[in-house]
Amino acid sequence: MQITIMKSKIHRVKVTQAELNYVGSITIDEDLMDAAGLLENEQVHIVNNNNGERFVTYVIKGERGTGMICLNGAAARRVQIGDIIIIIAYGSMTQEEAKTFKPMVVFPDHNNRLVV
């Protein structure tokens, strides 16, 4: 049997942009993507701490080192610039694999930069 487990999470990043007239997705600074093990076009769940919204979209690679977190298309209506969100990716694995699996969790600073 396969179960769904949290694969990675970027915890509490600030929305820096919201672009309604776009195809749709979330643009994430490539440094954050790498730290969380996220791939371009990977499905992610977004949780908005400010208004309780939860939705699903996919990742677009953003410029490295910028701290960019931009919600695009219809997702832009679910956030305001400055909102704090959590970005979560899930994966499927067996129950045995899940017992030892360790998700990648990233805790950026208040400027969406990696804390070293």
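For the structure I just gave you, tell me whether residue 116 is touching a Gly at 6+ places or on another chain (Cβ under 7 Å) and at pLDDT below 95.
No; evaluated as a whole, the condition is false for this residue.
For the range 15-40, give me each residue that is closer than 21 Å to residue 82 by Cβ and either β-branched (Val, Ile, Thr) or in a strand (DSSP E or B) (or both).
Across the range 15-40, the qualifying residues are 15, 16, 17, 18, 19, 25, 26, 27, 28, 29.
Could you list, ordered by first residue, the pairs with Cβ atoms under 8 Å in which the first is in the range 77-88 and free of Cβ contacts under 8 Å to residues at least 60 places away in the same chain and under 19 Å from residue 58 (Cα atoms) and the second is acidic (Asp, Glu) and in a loop (DSSP other than H, G, I, E, B), at least 6 apart or interchain?
78/53
Output the strands (runs of 3 or more DSSP E) that fall wholly within the range 66-112 and possess 3 or more residues being buried (at least 20 other Cβ atoms within 10 Å of the Cβ), or say none.
69-72, 84-94
In the set 13, 56, which member is touching a residue at least 12 places away in the same chain (Cβ under 8 Å), farther than 15 Å from residue 106 by Cβ and aliphatic (A, V, I, L, M)?
Going through 13, 56 in turn, the sole match is 56.
Please enumerate the residues belonging to the range 7-34 that are more than 18 Å from residue 47 (Cβ to Cβ) and basic (Lys, Arg).
none
Only residues that are surrounded by fewer than 17 Cβ atoms within 10 Å (Cβ to Cβ) and assigned to a strand (DSSP E or B): list them for the range 41-54, please.
Within the range 41-54, 43, 45, 47, 54 meet the criteria.
Tally up the residues in the range 67-111 that are of a type in the set (Val, Ile, Thr) and touching a Ser or Thr at 6+ places or on another chain (Cβ under 8 Å), please.
Selection size over the range 67-111: 5.
The values are calculated or read from the model by the stated rules, or taken from the named source; none is laboratory data. Since the structure is predicted, the reported quantities are computational estimates derived from the model, not experimental observations. Glycine also receives a Cβ, built like all others from the backbone with ideal geometry; neighbour counts cover every protein chain displayed.
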